[in-house]
Structures are given as structure tokens and as C-alpha cells.
1. Keeping to segment 39-56, report how many residues are under 20 Å from residue 75 (Cβ atoms) and either open to solvent by 50 Å² or more (accessible area, probe 1.4 Å) or not in a loop (DSSP other than H, G, I, E, B) (or both).
2. Would you mind listing the strands (runs of 3 or more DSSP E) fully within segment 491-608 where at least 1 residues are within 30 Å of residue 264 (Cα to Cα) and within 16 Å of the ligand (Cβ to nearest atom)?
3. From (1) buried (at least 24 other Cβ atoms within 10 Å of the Cβ); (2) in a helix (DSSP H, G or I), pick out the condition that doesn't hold for residue 361.
4. From the list 198, 133, which residue is modelled with pLDDT of 95 or more and buried (at least 19 other Cβ atoms within 10 Å of the Cβ)?
5. Select from segment 316-340 the residues that are of a type in the set (Lys, Arg) and surrounded by fewer than 20 Cβ atoms within 10 Å (Cβ to Cβ) and write down the one among them that is farthest from residue 286 (Cα to Cα).
6. Could you give every pair whose Cβ atoms fall below 6 Å, whose first residue belongs to segment 207-222 and is in contact (Cβ under 8 Å) with a residue 60 or more places away in the chain, and whose second residue is assigned to a loop (DSSP other than H, G, I, E, B) and among the charged types (D, E, K, R), counting only separations of at least 6 or pairs across chains?
7. Take residue 100 and tell me if it is touching a residue at least 60 places away in the same chain (Cβ under 8 Å), open to solvent by less than 10 Å² (accessible area, probe 1.4 Å) and closer than 24 Å to residue 81 by Cα.
8. So residue 157 fits all but one of (1) open to solvent by 10 Å² or more (accessible area, probe 1.4 Å); (2) hydroxyl-bearing (Ser, Thr, Tyr); (3) in contact with a Ser or Thr (Cβ under 8 Å, 6 or more places away or on another chain); what number is the exception?
Amino acid sequence: MCGIVGYIGEQQAAPILLDGLSKLEYRGYDSAGMAVYNGKEIDMVKSMGKLKVLEEMTHGGSTLPGFSGIGHTRWATHGSPTDVNAHPHYNKDSSIVVVHNGIIENYMKLRRKLEGKGYQFVSETDTEVLAHLLDYYYKGDPLDAISKVMYWVEGSYALGILFQDFPGEIYAVRKDSPLIAGQGKDGNFIASDVPAILKYTRDVYFIENQEIVKVTKDSLNFYNIDKEEVQKESSRIEWDISAAEKEGYEYFMLKEIYEQPKAVMDTLHPRLKDQDIVIEELGMTDEEILAVSKIYIVACGSAYHTGVTAKYVFEGLARIPVEVDLASEFRYRRPIFQPGTLVIIVSQSGETADSLAALREAKSCGVRTLGIVNVVGSSIAREADNVLYTWAGPEIAVATTKAYSTQLIAQYLLALKFAKVRNEIDDSQFQSMLYDLEKLPDQIEFLLGNKEKIQHFANRYLATEHVFFIGRGIDYAISLEGSLKLKEISYIHSEAYAAGELKHGTISLIEQDTLVVALVTQKELYKKTLSNMQEVRTRGAFVMAVTNAGNKEVEKSADYVIYLPETNPYFTNSLAVIPLQLFSYYVSLGKGLDVDKPRNLAKSVTVE
Ligand code: M6R
């Protein structure tokens, strides 16, 4: 995820910026840059690759002399990881320079507007729009220009800004992207995250949404969007650097679980426009969508599990037949493609060897391919005919959580779009589903509020040896993910079973107190799953059920129940997976395991 650091004070800025950026490296990035006021104008150096490149280019910062500057590490979203797309970005005469975290959702519209006024863009980024928009509104008052830009820009942002006319000041502003200001001894700071400045100060101000901060070497002033000054209290950071990297969370996995409402919103929002779904990156006309006769969803691990859910959603809504394949199988099984086939490859890293090979296999047969990928510029993103990015930000824990959730969202959007274009759903159903989609981030947030209850429950199962996850339809797909999450980080043997299959073998494994987790979110299948729960319960199982709010019936067949907020049945996976992630996390934590780095596993599986 992108990182921001800014400094103004009595020391040389560039070495401090490099040091601050190095503390954000753990978050993942693909390019880095700095801009420093040199006493006359603003100098800038930026490059793709690691911070080491920037250090070498500037000889540790010494070739960028000056006492105020801003730095950035970029995790590419709009535009591939290149030198030109790296931040900072200049306005036309290099007198205003900007670094940005977040996503500007209406950047295309703003870009067209600015191009119409003669502005020339050099990068593919959404950020460059901000530099030119600031230029457009700047009439000698930085605060005024920033507040005008805030009124125009939609999306999320944390910005660091330098104005050449105001060399003794740095400006920063945020909306839905974190930003802090720090008060040091001989200078002041801005940063996207505490670790970047913890070496220099522990006294920080947390900037609220739509607040602007003006930083000089000995003052920090805060303003609202209407340029009125606001008073703020500083906070003292008591964490050490490693806790600060995780923003106070004990493990990255928990931090990433908590980032899901935002990740889901970032993946969803830019594609919802005027009560419609607009996926420009899809590169398919309505005629081409109508011509799709079959979809293959190909992936590995958790990404494959999102495909299992998506099969139900695509088939149910868009009435297109879907096959879901493990990439390691697909690549060797010589599938028979018919005209109108679309192959969707789902991958967080975009580098998974089997998924990449499956993509190449499909392409070699002349089939249209679409990547659903989190890492911009990765191999699958580059090689697929089209790519739909999930905007989860970098995921550090080996066990995926937020990438999984955003992969689901990307596929819901596609399925709904296809269903609408193919006239399989009417407008009122479409609108009601959009409404339910928009509610998901808040509903996920609500479920995260239950973590103590789940931790308490998880602590009872630290010594258990076997756990079974059961469900039907989409609930089976959720079971697959719940089971994988548990086994990969807790080392407890677990299996996911389609509930109706239990009595064809697995039920013989049920003993006194075996934990069975039953997913019961699909109304038309309630009764069927309830009877499977009864079957295992009468053989001694302890049944934990995850079901929809109001389904009190379930209490007769379960020993412990977690209720989910109401949503469309096609979207329940997005909610049901949250308690399952938390359950696995707390079992692993309780067993004292390394939650983020489970044994024998790698984050990105680049070998076969
Ligand atoms: O990077 P990818 O999404 O292609 O990775 C696929 C799987 O390796 C991945 O989902 C794996 O199963 C996760 N560690 C599960 O948490």
C-alpha cells in the first residue's frame, strides 16, 4: 500500500524522508519518490523499484538538499509501476507537487475536464489529476485551492503537497485514507502511518476526514474543508516500532481482517455509477457480453473458493454455465472450449505459477481471458486480455482475508453486470442488489465488533484435532474457505463437506464433541441443512451455526449460533466469512503459533 512521509525543519529533509519511507517498506510498494524545496524551486527524484534505487540515485538524499520535502512509496493502482507513474506528481510549471494515497474515483471525468482546459498529462495515474486541479484553483492561497479541490474530488485520499510559493509550509489533507501529523523537536512531520516518524516523535495528531493541516518547522495548524481553523489534541504513541507497523494489531492477519470494510468499499465504489455498474476495464461491449456462452473460473486456494461462490452467482443471476477449476488441474486437462467462452483467472498476487500457466493455456487456444488480480502490473495482469483489479492493497499475512473479500466483490459485480445486460434480472432486482452490495462494508464492520465473543469461543478449541465445515450451495463454498483458513494457520485438521454428502462417508468420523461448523445462510436450503446438523448432533457433535438474523429455528439444531445481518442470499459469503476468519485467527493465536507465517507456506506460490 502507498506510504507518505513529509518533513519540514532544521535538518536536511531528504535523508529523513528516505528513513521514514524505509519504515513503510513492510507494506509493499513498487516505486518510490521524493520532492524537496531546494531554496529556489522544487526538485524531484523518483523511480520504480525498491527504495535502495532512490537512495543510490540521490546518494542517500545528499543530492536533494533542502529543509522541506515530501516522499512516497507507491503500490500501483492506476497505471503500471513505472518511473513516470511513481509519485510525486507536478503541475505544469513544477511549482506544485503532490503525493497521494488512495483512489480518486472520478479521475477520468476530471482528467477530461482538465485536458479540455489545455492541461497535459504525462502519467496514467489518478494522482496527476490532483496536481493539475490544484494548479487550476491556485490563486495565491494554498488553503483555498486545496479546499476547492476537495469539493470536486470523489474517492479516498491522503495527500502531501508542496507549493513553491510557500517554501516554509507543507500541506496535507485526507479523506478515507489515514494521515497523521507529528510534532518533533527541530521540525514537524506528516505521514500516512506512525512507523514512518516514530524515530523522530511520539506526539502525533490524527487528521480527521476532510481536515487539512498546514505544517511549518515550528507549528501545526488544522482546518476544515471550509478553511476554518480547528483545534486538535495530540496523542502520545506508546507502541514500539513493530507494533506500530501493524497499527497496534498483534498480527498483520488481524489488521487485514479489519481492513476489509475499506477494501470492499474501494473495490466496489469506483464501479458503481448513476445506479449502474460501470466496469471500463472489462473491455467488453454489450454484444460481447451477450455472446458469452460459458465461463471458466480458474484459480488456486482461497481464490478458487471465491470462484466456487461465483459459480452460484453467475449461474443464478446471469444464467451462464460456469465451470470452476483448480488452476493446477485446468492447465493439464485440455478443456474443450466452445465459441463464446470466457476464462476468468482469479489471483491476489498475479504470480501464482499454476494460475499463470492456466491463463497461458487458455490464451494459446484463442479463448478470451480476464484477470481478477490485486497486484497491478503482475504477470497475470499483464498477460490477460483484460484485467479487473481488486483494490485490497498489499496483503502481508500468508492467509488471505481482504484479498479474498475483494475477489468476491469483483465477481458479484461481473455477474450482476452480465445479468443486467442479458436481461436476466429486472431493474428493481438489480437496484435492490446494488443497495445490498453498498451495505456490505458497514455490515462487515458490524460483524468485526463481535470479535471478543468469537475469541472466547475459539479458546475452547485450541486442543481440538478435527473440525468439519458443512453447508449447501453457497454455504458449501463458504465452508471450503472456513476450513482452509483454519487448517492453514492453526494446523488443526479440518474438512469442508457439502452437507448432503456427509452420510456418504464422512459422518463416520463424528465422535463425541467433534466440532462441526454449519453454514446456514441460504433460505431455501435451511431445512435440509438443519437435518444434517441434527444427524451429526445425535452422534455427539458440538454444532456451531452461522446463519441469518432471525433464523431462530436453527437454535434447535445448534449449540452455538452466530447471526449475520440480512443481505441478498447471493452475497452472504461476504458476511459469513468474517466470523470464520476471526475464529481461525484466534485459534492460531491461542495456540501461540506464528499467525502471519504458517509453516510450509509462502504468500505467493511461484513454483508448480
Ligand atoms: O496469489 P493467489 O491469489 O493466486 O494465491 C492463491 C492461493 O495460493 C492463496 O489463495 C492461498 O490459498 C492462501 N494462502 C489462502 O489463505
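1. Narrowing segment 39-56 to residues under 20 Å from residue 75 (Cβ atoms): 44-55.
Add one more test, that the residue is either open to solvent by 50 Å² or more (accessible area, probe 1.4 Å) or not in a loop (DSSP other than H, G, I, E, B) (or both), and what stays is 44-48, 50-55.
Here the count works out to 11.
2. Correct list: 493-498.
3. (1)
4. Details: 198 fails: modelled with pLDDT of 95 or more.
It is 133.
5. Keep residues of segment 316-340 that are of a type in the set (Lys, Arg), which gives 319, 331, 333-334.
Imposing the further condition that a residue be surrounded by fewer than 20 Cβ atoms within 10 Å (Cβ to Cβ) reduces the set to 319, 333-334.
On the way: 319: 16, 333: 31, 334: 29 Å.
Among those residues, the one meeting the criterion is 333.
6. Pairs found: 214/169; 216/169.
7. Details: touching a residue at least 60 places away in the same chain (Cβ under 8 Å): yes; open to solvent by less than 10 Å² (accessible area, probe 1.4 Å): yes; closer than 24 Å to residue 81 by Cα: yes.
So residue 100 fits the description; yes.
8. With respect to (1) open to solvent by 10 Å² or more (accessible area, probe 1.4 Å); (2) hydroxyl-bearing (Ser, Thr, Tyr); (3) in contact with a Ser or Thr (Cβ under 8 Å, 6 or more places away or on another chain), residue 157 is out only on (1).
The values are calculated or read from the model by the stated rules, or taken from the named source; none is laboratory data. Just so it is clear, the structure is predicted and the values come from calculations on it, not from any experiment. Glycine also receives a Cβ, built like all others from the backbone with ideal geometry; neighbour counts cover every protein chain displayed. Heavy atoms of the whole protein, side chains included, go into the accessibility calculation; ligands, DNA and RNA do not. Shrake-Rupley method; radii C 1.70, N 1.55, O 1.52, S 1.80 Å.
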